[in-house]
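The structure under discussion appears below in the form of C-alpha cells.
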Amino acid sequence: LKKMEQALEVSRSFESGSMAAHRVSAAGLAFATKAESSKSAAEELAALKVAAGEDSVIGSALAKVPTSVKSGVPTLAELQAKFEKVHSVGRQAALVPEGRTGVGGQLFGMAFARLTIPPSPESISEGEGATDTSPEYVLARARRHVQLGDLECAVGELDKLQGQAGFVMSDWKQAAMDRISLEKAVK
C-alpha cells in the first residue's frame, strides 16, 4: 500500500510539473509570436510572468524586456522604413553650419542637403569613408547597417552623432534599442 501511495505521489508530481511546463511553454510561445509584430504584448507578458512563477531563468530574461512592449515595439521592417524618412531629416540637421542653430541655419542645412549628394551606403561598404567620423558618413554607415538588418551596428554608429543630428535620430535609435532588447529577451 505504501509503495502504491509513493507511486501515486510521483505520478501526481510528474503530472503537475508537466502541466506547469506546458503553461510556461504556451505562454512563452504566445509572447514570442506577439513580440514578432509591433502590437502590444502586455497581456502575453503578464501571462508568461504568471506561468513562470518563481523561475529565475525566465524571470531574468523577462527583466530585459523593454517597457515599450506594452504599447508595441516596431518590427525590423517598420524600423527600416522609418529610417529612410528619419535619415533625410538627420542629414539636414548634420549639415546645419556650426553655431547657426536658428532658422537661418536650418534653412542652410535643408539647402545643403538638397544640393549635395550623400555618400552611398554601397560605397561605404567598399572602403570609402569606412572610418570617417563626419555625420554624413556616420549616417551613411548606419543606413547600410539598417538596410542589412543589423540594428546593433546601426545604433552603434548613431551613438557617434552629436548635436542636432544626434537629437533628430534619438527617437528612432530608442525604438531600435527596444527591438534589440526584445529580440534578445525572446531568444
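The values are calculated or read from the model by the stated rules, or taken from the named source; none is laboratory data. Here the structure is a predicted model, which is why all the values come from computation and not from measurement. A quick note on method: Cβ atoms are made from the backbone with ideal geometry, for glycine too, and the neighbour counts reach across all protein chains shown. Only protein heavy atoms, including side chains, enter the accessible area calculation; ligands, DNA and RNA are left aside. Shrake-Rupley method; radii C 1.70, N 1.55, O 1.52, S 1.80 Å.
Computed quantities for the displayed model
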read-out	value
When residues of the range 78-112 are limited to those that are more than 17 Å from Leu151 (Cβ to Cβ) and charged (D, E, K, R), the one modelled with the lowest pLDDT	Arg100
Residue within the range 55-70 that is among the acidic types (Asp, Glu), surrounded by fewer than 17 Cβ atoms within 10 Å (Cβ to Cβ) and either within 30 Å of Ala111 (Cα to Cα) or without any contact (Cβ under 8 Å) to a residue 24 or more places away in the chain (or both) present	no
In the range 71-86, the residues that are of a type in the set (Lys, Arg) and either surrounded by 12 or more Cβ atoms within 10 Å (Cβ to Cβ) or closer than 12 Å to Phe31 by Cβ (or both)	Lys82
Any chance Lys34 is out of contact with any helix residue (DSSP H, G or I) (no Cβ under 9 Å at 6 or more places or on another chain) and either within 30 Å of Gln80 (Cβ to Cβ) or not in a helix (DSSP H, G or I) (or both)	no
Filtered residues of the range 140-157 (kept if of a type outside the set (Gly, Ala, Ser) and either farther than 10 Å from Phe83 by Cβ or open to solvent by 60 Å² or more (accessible area, probe 1.4 Å) (or both))	Arg141, Arg144, Gln147, Leu148, Asp150, Glu152, Cys153, Val155, Glu157
